[in-house]
Amino acid sequence: MNNKKVGIIGVGNVGATLAFTLASKSLCSEVVLKDLRENIVEAMALDISQSANAANAKTKVSFAKEAKDFSNCDVIVITAGIPRKPGMSRDDLLLTNAKIMTSVIGEINENNPNAIYIIVSNPLDAMVYTALKAANIDKNKVLGMAGILDSARMSHFIQEKLGYGEGEIDASVMGGHGDDMVPLANYSTVAGKPLDKILKEDEIEEIITKTRNGGAQIVKLLETGSAYYAPAYSTSLMVEAILTDNKKVYPCAVMLQGEYGYENIVAGVPVRLGKNGVEDVIELKLDEKQTSEFAKSISSVKELIDTLENKFFS
Ligand SMILES: NC(=O)c1ccc[n+]([C@@H]2O[C@H](COP(=O)([O-])OP(=O)(O)OC[C@H]3O[C@@H](n4cnc5c(N)ncnc54)[C@H](O)[C@@H]3O)[C@@H](O)[C@H]2O)c1
Ligand SMILES: O=C(O)C[C@H](O)C(=O)O
């Protein structure tokens, strides 16, 4: 066992599913949960700990009764915040979740000097920005989860279109986690073959549209909230990469400082993950259309950041 501690704040659908995933896979020695809802967090800690015992897993699952219980974490995942409901955009959550993000970061930052933070709350890119601004943490230690999820959705829609490829599809999505994210057909492969060599342009466009709409599709069906199995599993991959220092490259939302020609803006880009968090940002060569789509996605994130600066941080 690796003697690593993971803290999860916000133990609703995504947080609880993530805790279950980490514990079932014995990815760390300890998972500690924190939420405003005292009975729920205690119930989740009991239930998930008991499931881990059923699996003979080695992870201890507990909940934080006081600040010291949520200290010295190696990785902290923040899923605290409200999810959207049908008819809403992720951006509608901006000011409510910025308030929650600022408050939770303020509660835990001091006791966790070495933690790497993974942000999940929406709107994702703006929440990564908020976390960085609220706590003055090194930019390489704060990452947002969305790109793995969006890429998994794209893989799903590719498989659905082709009718084959399970386990052999490797899709790639960049940009902000919003309606104009940038799925990259030429960097998406089926058994190593690029998608743009397999499907026609209109078929690829259909997959791109479905990928962009993937979150909203589930929100509409669920009625009460948003997706959580794929988001939680995607987050577990980031946690694993950091804890095991495996150097895997995943699309993650990070603060850009010159990469892709942008400064002081958060967006999803391929990142090599390791024990230090962001170990490298990989710069893919984008064609003209992808470059302009990435610029559009960046400008949507910029609008949210401007709103935060004018209405929240000022
Ligand atoms: N980045 C992504 O790809 C992605 C994917 C799925 C969900 N999300 C986002 O993650 C967030 C959580 O989604 P969910 O489905 O788990 O929602 P949920 O409502 O099931 O859970 C949210 C939890 O946060 C808790 N919480 C709220 N304020 C808190 C605070 N100050 N301190 C501690 N806990 C607090 C709530 O009590 C609740 O248990 C939402 O904002 C959602 O939009 C993002
Ligand atoms: O769609 C949402 O609001 C939740 C999340 O961002 C998702 O893509 O599933």
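Every number in this text was worked out from the coordinates using simple rules, so none of it is lab data. These numbers come from a predicted model, not from an experiment. Every residue, glycine among them, receives a Cβ derived from its backbone with ideal geometry; neighbour counts consider all protein chains shown.
Across region 256-266, coupling constants 3J(HN,Hα) worked out from phi with the 6.51/-1.76/1.60 Karplus curve, θ = phi - 60°, read 7, 10, x, 5, 6, x, 10, 10, 6, 9, 9 Hz, and Gly and Pro carry x. Each peptide in 50-62, 270-282, 176-188 receives the mean, over its residues, of other Cβ atoms within 10 Å, and ordering these scores from highest gives 176-188, 270-282, 50-62. Considering only 122, 78, 215, the residue lying farthest towards the positive end of the dipole of the chain is 78, judged by Cα position with unit charges set on Cβ. Residues whose amide H falls under 5 Å from that of residue 280, counting only those 5 or more places apart or on a different chain, are 272, with hydrogens built in the peptide plane.
With θ taken as phi - 60° and the Karplus curve 6.51 cos²θ - 1.76 cosθ + 1.60 applied, the whole-hertz 3J(HN,Hα) list for region 278-291 is 6, 9, 6, 9, 8, 9, 7, 7, 9, 7, 4, 5, 5, 4 Hz, x standing for glycine and proline.
A Cβ-based charge dipole, computed about the Cα centre of the chain with Lys and Arg at +1 and Asp and Glu at -1, lands at about 680 debye. A simple charge model with +1 on the Cβ of Lys and Arg, -1 on the Cβ of Asp and Glu and nothing else charged puts the dipole of region 147-312 at about 280 debye relative to its Cα centre. Proximity of backbone amide H atoms, modeled 1.01 Å from N, is registered between residue 174 and 182, 184 at under 5 Å, excluding neighbours fewer than 5 places apart on the same chain. Taking square-rooted eigenvalues a ≥ b ≥ c of the alpha carbon gyration tensor, is the chain rounded, prolate or oblate, where a/c under 1.5 means rounded and, failing that, a/b exceeding b/c means prolate? Prolate. Counting lysine pairs in region 88-161 that sit 8 or more residues apart in sequence, or on different chains, and whose Cα atoms lie under 21 Å apart gives 4.
Scanning residues 5 or more positions from residue 61 or on other chains, those with amide H under 5 Å from its amide H are 31, with H placed 1.01 Å from N in the peptide plane.
Classify region 147-312: rounded, prolate or oblate, from the alpha-carbon gyration tensor (a ≥ b ≥ c, eigenvalue square roots; a/c under 1.5 rounded; otherwise prolate if a/b is larger than b/c)? Verdict is rounded for region 147-312.
Scalar couplings 3J(HN,Hα) for region 182-193, obtained by applying the Karplus form with A = 6.51, B = -1.76, C = 1.60 to θ = phi - 60°, are 10, x, 10, 5, 6, 9, 9, 10, 10, 6, x, 8 Hz; x denotes Gly and Pro.
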